[in-house]
Amino acid sequence: MLELRAITAGYDRRAPVFRSVDLTLAPGESVGLLGPSGCGKSTLARVAALLHRPDAGQLVIDGEVARGWRHRAPREQRTAFGVVFQQPRLSADPRLALRDLVAEPLRAVGRSSEVADLVPELAARVGLGKDLMGRRPHEVSDGQLQRACLARALVLRPRWLVCDEMTAMLDASTTAALVHVVEEYRRESGAGMLAVGHDRVLLERWCDRTVRWEELVAG
Amino acid sequence: MADIVWRAHGGVRRSTRAWRVRTSAVIVAAVVLAVLVVPPLVNLDEQAVDLAAKLRPPSLAHPFGTDDVGRDLLLRCVYGLRVSLLVGVVAAVVATVIGTAVGALAAASGGWVDRIVMRLVDIFSSVPHLLLGIFIVAMFRPGVWPVVVSVALTHWLSTARIVRAEVLSLRSRPYVDAAISGGASRLRVAVRHLLPGVLPQAGLAAVLMVPHAIWHESALSFLGLGLPTHQASLGTLVQSARGSLLAGDWWPTLFPGLFIIVPTLAIAGLAGAWRERINPRRRSELML
């Protein structure tokens, strides 16, 4: 259960982007959040994934109230979320080869010994060949890089996935492939998902239910 | 009729730039070779006094002439450059390390730590740094290390600012968000993602600082506060030549002066070319 209670957040305390927003995700549920660009839906997703501290409100993750955000959140809480961002170029460190990009979370939590097994398995799952995994971000396409970013989000087997406009930069076939990977992972792990986007058709077909941003802010 | 040929402008400028880089590279290579190879090879005493041959103008035996106690000026210039270069490089490296550490700390901590540290940097910057440098060397006995300490302690400020700005910009990239979500600690984010991003900037700042540090060493020695007068450095050479210049003897001033200007401009020229490579938008003049 992921509960956002009366969240007020933004980048300036005097002028928050949104006030008092409530959203609840049942265990294993996938929710699509629809809204025009600039409305604050990405900020809400970042609050949910413990990446942006809200000005007010409460976040409850599987019954546990979040006490801190970013580095102030305990590691187990942070890694409970797998996050995929809109722009793969900006969300990949340009100096790391795709292989290291995917392995980075394992190394960060001290599970380096599993890199050799897990990384090739995930690479195969998102459809990246061995040669591509040795390349650096500037040597692959946006779609290939986003596949690697999805693999990175899944490598610690998160209980919640947060996809912030994951497919906005991608063509239809890559979009379909990535959505398939996400759904396959959710089926076997029972993870819940918050997908943010403005593509109504895609989110309505992908998610258990969709929420329009206007309903959240009005309610 | 569609015979328009589009031409690139600025071709001439580019060729002069390439020429400047090549000349700079040759001079820097010659300087490094001279200070590393000549002293051990020739095994001459640059402090050998020959009062019978004092203040001789340039000749075949003494290409740069001799000074007021008959020491060979070419030899003293090479040894002086050796000392000045050592002081310049060590001071620049130390200053860059301090500046990088302070800038990174300020940016990584944020909040009141950042505010206090950066206000301190502002306060230090408001004092002319030659004055501050004089104050620091005056506390010690003359020698190489007080000069290094003085130059290093007065030159980390701009590096701290550059590094802080760079870290602040890198810190807000989504890949740092991704690292946090992937369980990376503060230290891991700093070492793995932020530090590699600022190292090119810091390295460039260090190279740009070498000529500046050499100038400071010369200035301090010229004022009589840096190195002891018997130790040849470019600053002490110019300083001790002042008397003979008034008597009309030009060579003891001219050659050490050229030894200060030409190598430092060459180093700055190379650093400028490097900066244009990593940051092509900022067309720049020499920054000393």
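Here, each number is a calculation from the coordinates, and none is a lab measurement. From a predicted model like this one, the values you see are computed outputs, not experimental measurements. Cβ atoms come from the backbone with ideal geometry, glycine included; neighbour counts cover every protein chain shown.
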*Round to a whole angstrom and tell me the spacing of the C-alpha centers of the stretch B:157-233 and the stretch A:150-219.*
42 Å
_Cα-projected label distance for A:R212 with B:V26, points at 7 Å along beta-carbon direction, nm_ = 7.4 nm
*Considering amide H positions built from the backbone, and no H for Pro or chain starts, which residues 5 or more places from A:A195, or on another chain, come under 5 Å of its amide H?*
A:V31, A:G32, A:L33, A:C163
*Give me the log10 of I(q) over I(0) for the stretch B:207-267 at q = 0.17, 0.21, 0.28 Å⁻¹, as the Debye formula computes it from C-alpha points; what are the numbers?*
-0.54, -0.78, -1.13
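Just need the relative contact order of the stretch A:93-152 here, percent rounded to a whole number, with Cα pairs under 8 Å and 6+ apart.
For the stretch A:93-152, the relative contact order is 50 percent.
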*A:D199 to A:S173: FRET efficiency via 1/(1 + (r/R0)^6), r the Cβ-Cβ distance, R0 25 Å, to the nearest 0.05?*
0.95
*Loop-located trypsin sites (Lys or Arg not before Pro) in the stretch A:25-120 whose Cβ has at most 11 other Cβ within 10 Å (DSSP)*: A:R67
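Based solely on its DSSP helices, what 222 nm [θ] is calculated for chain A when runs of n ≥ 4 H residues each add -39,500 (n - 2.57) and the sum is averaged over all residues, nearest 500 deg cm²/dmol?
Calculated from helices alone, the mean residue ellipticity at 222 nm is -11000 deg cm²/dmol.
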_Candidates B:V42, B:V26, B:V137: whichever shows maximal mean-square fluctuation once chain B is modelled as a Gaussian network with Cα springs under 10 Å_ = B:V42
_Under 8 Å for C-alpha pairs, at least 6 residues apart: give me the relative contact order for chain B, rounded to a whole percent._
24 percent
_Residue mean of other protein chain beta carbons inside 10 Å, A:61-71_ = 1
_Spin-label proximity, A:M1 to the stretch A:59-77 - amide N less than 12 Å from point 7 Å beyond Cα toward beta carbon_ = A:60-65
*Can you give the mean number of other chain Cβ atoms that lie within 10 Å of the Cβ atoms in peptide B:167-176?*
4
*With an 8 Å cut-off on Cα pairs and a minimum separation of 6 or more residues, tell me the relative contact order of the stretch A:116-219 in percent.*
25 percent
*Please find the FRET efficiency linking A:V60 to B:L246, where r is the Cβ-Cβ separation and R0 is fixed at 60 Å, and quote it to the nearest 0.05.*
0.10
